[in-house]
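Enquirer: Before I ask anything, here is the structure I am working with.
The values are calculated or read from the model by the stated rules, or taken from the named source; none is laboratory data. In this text, all values refer to a predicted model and were calculated from it rather than measured experimentally. Backbone-built Cβ (ideal geometry, glycine too); neighbour counts: all protein chains shown.
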Amino acid sequence: MKKIIIILTISIFFGCKSKENHDTEKHNETTEKHHEISDKKSKIDLKSGKIANISGNQDIEKLLTGKGNYNDQTLFTTAIPDKYASKEITYLRIETLDAFLEMAEAAENDGILLKIVSGARGFDRQKRIWERKWNNSTIENHAERALDILKYSSMPMTSRHHWGTDIDLNNLENSYFESGEGLRIYKWLTENASKYGFCQVYSDKMIDGRKGYEMEKWHWSYMPLAEILLKEYNRNIKYENITGFLGSDKARELNIINDFVNGIEHCQD
Ligand SMILES: [Zn+2]
């Protein structure tokens with residue numbers, strides 16, 4: 001009898017131990033993956049605000065206007081774990097994914113599952129979206145037509161989604177975030193996202209008095225990198241650069257750079 005108890009105790013002990021080992025292994029795997037991402041990233045030293053590599057070997061103007069090379073693994077990644085991603089493959093700046101993973105893991109511990117619906121979009125993709133809406137519109141006046149599309153869609157070359165710093169989370173309707181699971185997700189994000197560098201840049205215009213796009217409760221921006229890219233945008237991109245799609249001649253008249261590209265909430269205290 002004593003022997004049986006001893007064997008039982010040993011097997012329970014090893015049983016637990018092996019589960020513990022398994023969990024530790026799993027944890028190590030996640031940590032390693034995380035470090036791999038951290039090591040590859042074009043470092044931003046958040047404390048000093050120093051940037052080692054904002055555009056890598058790429059032309060900054062191209063990167064800012066969606067014409068950069070998203071396959072450049074020194075800047076971009078598609079390595080979003082399946083549980084945090086929609087089916088479509090999306091590119092993100094490595095720094096953005098790194099910060100997002102920290103946020104998503106914290107959210108998961110609080111019972112919230114964050115899913116990236118959309119990340120980086122290049123010029124060609126944005127042009128297709130824009131021109132489809134342009135061609136389907138019945139508004140005769142071109143400035144008014146552009147303004148109507150601009151409620152929720154960016155002109156090509158002026159979208160933050162070109163940068164790989166901005167993500168759409170879980171659902172593309174504000175109403176989803178106003179009740180039930182959506183409201184829980186939104187509450188978590190408004191309370192916690194800033195700890196990881198994320199900001200809802202298209203906030204409530206009535207409260208923040210900003211210009212530009214309507215409120216988007218799903219659109220979150222990784223500010224430590226995006227604020228630098230916005231400064232670069234203002235320095236490098238002029239209206240004469242914004243060409244190559246239907247209605248591009250309206251960009252200057254509609255003050256797109258001032259009101260839309262810069263018409264954001266910065267989430268600073
Ligand atoms: Zn978005």
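Enquirer: Quick one: K87 ticks every box in (1) under 14 Å from L169 (Cα atoms); (2) assigned to a loop (DSSP other than H, G, I, E, B); (3) under 15 Å from the mean Cα position of the chain (by Cα) bar one, so which box is it?
Expert: (3)
Enquirer: Output yes when any residue across segment 118-125 is assigned to a helix (DSSP H, G or I) and over 17 Å from the mean Cα position of the chain (by Cα), and no when none is. Explain how you work it out, then say what you get.
Expert: Residues of segment 118-125 that are assigned to a helix (DSSP H, G or I), as a first pass: 123-125.
Checking the rest, the ones that are also over 17 Å from the mean Cα position of the chain (by Cα) come to 124.
Looking through segment 118-125, at least one residue is assigned to a helix (DSSP H, G or I) and over 17 Å from the mean Cα position of the chain (by Cα).
Enquirer: Does any residue in segment 211-225 that is on the phi < 0 side of the Ramachandran plot come within less than 9 Å, Cβ to Cβ, of a residue that is part of a loop (DSSP other than H, G, I, E, B) and of a type in the set (D, E) six or more places away or on a different chain, and which pairs are these?
Expert: So the pair list comes out as M215/D204; K217/E173; W218/E173.
Enquirer: Can you name the condition, by its number, that A193 falls short on among (1) within 14 Å of the ligand (Cβ to nearest atom); (2) within 13 Å of C267 (Cα to Cα)?
Expert: If we test A193 against (1) within 14 Å of the ligand (Cβ to nearest atom); (2) within 13 Å of C267 (Cα to Cα), just (1) comes out false.
Enquirer: Residue check, D124 against (1) touching a Pro at 6+ places or on another chain (Cβ under 9 Å); (2) surrounded by 15 or more Cβ atoms within 10 Å (Cβ to Cβ), all met but one. Which one?
Expert: Unmet for D124, out of (1) touching a Pro at 6+ places or on another chain (Cβ under 9 Å); (2) surrounded by 15 or more Cβ atoms within 10 Å (Cβ to Cβ): (2).
Enquirer: A further question follows. So, I256, is that one of a type in the set (A, V, I, L, M, F, W, C) and more than 16 Å from the ligand (Cβ to nearest atom) or not?
Expert: Criteria met by I256.
Enquirer: Within 16 Å of the ligand (Cβ to nearest atom), among the basic types (K, R) and modelled with pLDDT under 95, is that true of K151?
Expert: Working: within 16 Å of the ligand (Cβ to nearest atom): yes; among the basic types (K, R): yes; modelled with pLDDT under 95: yes.
Spelling it out, K151 is indeed within 16 Å of the ligand (Cβ to nearest atom), among the basic types (K, R) and modelled with pLDDT under 95.
Enquirer: Which condition does L172 not pass, out of (1) surrounded by fewer than 21 Cβ atoms within 10 Å (Cβ to Cβ); (2) within 12 Å of the ligand (Cβ to nearest atom); (3) under 14 Å from D259 (Cα atoms), if it passes all the others?
Expert: (3)
Enquirer: Another question, then. Can you say whether F177 is touching a strand residue (DSSP E or B) at 6+ places or on another chain (Cβ under 7 Å) and more than 12 Å from the ligand (Cβ to nearest atom), as far as the supplied structure shows?
Expert: Values: touching a strand residue (DSSP E or B) at 6+ places or on another chain (Cβ under 7 Å): no; more than 12 Å from the ligand (Cβ to nearest atom): yes.
So F177 fails the test.
Enquirer: With the requirement that a residue be within 13 Å of the ligand (Cβ to nearest atom) and either part of a helix (DSSP H, G or I) or more than 21 Å from A106 (Cβ to Cβ) (or both), what does segment 213-231 give you?
Expert: Scanning segment 213-231 gives Y213, E214, M215, E216, A226.
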